[in-house]
Structure formats: structure tokens, C-alpha cells
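The values are calculated or read from the model by the stated rules, or taken from the named source; none is laboratory data. Here the structure is a predicted model, which means the values were calculated and not measured. Please note: Cβ atoms are built from the backbone with ideal geometry, for glycine as well, and neighbour counts cover all protein chains shown. These accessible areas exclude ligands, DNA and RNA; they are computed on the full protein's heavy atoms, side chains included. Shrake-Rupley method; radii C 1.70, N 1.55, O 1.52, S 1.80 Å.
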Amino acid sequence: MALKVPRCVKCVSPCELKTLPSVEAVDGSLKLTVLDMPMFACAKNHKVPVHRDFMLWLIQEIRAREGQLAAGKEEGMIFKKHLCGDCGKELASKSERRQAFPYELKYEELAPFKVEVDMPIYKCTACGKEQIRSTKELHGHVAQAVVGINDSAGFPHSG
């Protein structure tokens, strides 16, 4: 499917395909960075995503990769505990450090770009395995972090 090159939504001048070198957003414990993200921009530097569903696609792609991360399990409804994904023992209450997990994504026929999911890493008190608290925690922050990416990029809100 060929991308349709739009006219600017603000000034109606023609847009051209460009890349945004780096844009980041934080939501809760998640820091999301997108590098070389494709976008359309006009001569006045008004920017829009490459497709109206691009940001939704980005959320789905990040969430689809959650299972690739070493992660603990969340237990409890009110008083939550985070248990090791390997041995089931409790994770340390404080994170050891943060770690970025880079992914390369490709939208349609455009050049690939990178996404970095940066989360706190917790160490299991029993087996020593390092992991994020839970994929559920990551999952809960992805959509809002992508909204932050949209805002940081200067894209208009749709709907």
C-alpha cells in the first residue's frame, strides 16, 4: 500500500516525508524513546504522522513485544506483590537500575526506525534474576507514553 502524501492540516501546503531524529515521553515507570520516526512535515515545519492509524499501530507493536522481556508476575488486588518470573520468590522492593530495550520497527514500505522501552530492573531476592516488575505494568503505560510521543513530536490530536 502506497502512502498518500497529505497537505498540511494547518496551512494546507504540501507535505513531504521526513524523519524525526529523536522524541521521548515518560509515563509512570516507562520511558519511551522513538528514533528516526517517519512523519510528514510541510515547509513551515507543521508535522503529522505518516498515517492516521500510525500511533495506534505503534501502541500495538510495542505491546506485541512485551513477552520478549524478562518479567516478574504481579499478585494481589489491593496489596500488590511482584514475584520472580522464574522461581516465584519476591522481587526486591527497589529497582537496581534502569535498562533500555531497543526494537527495530518498520511501518509499511518506509525505512525502519527504532523504539527504546526503558524500565526499572528488579532483582529476585532468591535466584538473583534481573527483570522488570511485570508485563502488566509495562502494558498499562504504553498507550499514555505514545500519547506523550505524539505531543512531543508536535503532531495534532485526532478525534
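Quick notes
- Options ALA126, LEU110, ALA145, ranked by Cα towards positive dipole end of segment 109-159, top entry (Cβ charges): ALA126
- With both labels modelled 7 Å from their Cα along Cα-to-Cβ, the ASP86 to LEU56 distance reads 4.0 nm.
- With all protein chains modelled, accessible area of ARG133 [1.4 Å, Å²]: 70 Å²
- At 1.567 mPa s and 4 °C, Stokes D of segment 1-136 from Kirkwood alpha-carbon radius, µm² per second: 76 µm²/s
- Since only VAL26, ASN45, CYS8 are under comparison, the one whose Cα sits farthest along the positive direction of the charge dipole of segment 1-45, derived from C-beta charges on Lys, Arg, Asp and Glu, is CYS8.
- CYS8 accessible area, 1.4 Å probe, all protein chains in place, Å² to nearest 10: 10 Å²
- Net charge over other residues, Cβ less than 9 angstrom from the Cβ of THR125 (K, R count +1; D, E count -1): +1
- Helix 135-153 vs. the chain, principal-axis angle (Cα, 0 to 90°, nearest 10): 30 degrees
- For the chain, a crude dipole built from +1 on the beta carbon of Lys and Arg and -1 on the beta carbon of Asp and Glu, taken about the Cα centre, is about 240 debye to the nearest 20.
- For GLY85, nonlocal amide neighbours, meaning residues 5 or more places apart or on other chains whose placed amide H falls under 5 Å from its own, are GLY72, LYS73.
- Vicinal HN-Hα couplings computed from phi for segment 108-115 (Karplus, 6.51 cos²θ - 1.76 cosθ + 1.60; Hz; Gly/Pro x): 6, 8, 6, 5, x, 9, 10, 10
- Theoretical gain in end-to-end length, THR19 to VAL147 [0.36 nm per residue, Cα-Cα removed]: 44.3 nm
- Mean residue ellipticity, 222 nm, helices only, the chain: the sum of -39500 (n - 2.57) across DSSP H runs of n ≥ 4, divided by residue count and rounded to 500, is -6000 deg cm²/dmol.
- Placing a label point 7 Å from the Cα of LYS136 along the Cα-to-Cβ line, no residue of segment 19-42 has its backbone N under 13 Å from it.
- Accessible area (Å², per residue) of the chain, counting only protein heavy atoms and a probe of 1.4 Å: 57 Å²
- Charge dipole of segment 1-85 (Cα centre as origin; +1 on each Lys and Arg Cβ, -1 on each Asp and Glu Cβ, all else neutral): 300 debye, rounded to the nearest 20.
- Computed over protein heavy atoms with a 1.4 angstrom probe, the accessible surface ordering of LEU30, LEU3, largest first, is LEU3, LEU30.
- Local electrostatic count at GLU24 - Lys and Arg +1, Asp and Glu -1, tallied over other residues with Cβ under 15 Å: -2
- Net charge of neighbours whose Cβ lies under 13 Å from the Cβ of GLN68, counting Lys and Arg as +1 and Asp and Glu as -1: -1
- Amide H partners (placed H, <5 Å) of LYS129, local residues excluded: CYS124
- Here segment 113-133 and segment 12-40 have alpha carbon centers that stand 25 Å from each other.
- With 0.36 nm allotted per residue and the present C-alpha distance subtracted, the GLU96-CYS127 stretch has 9.7 nm of extension available.
- Built amide H within the under 5 Å cut-off of MET37, gap 5+: LEU20
- In degrees, nearest ten, helix 54-64 long axis to first principal axis of the chain (Cα): 20 degrees
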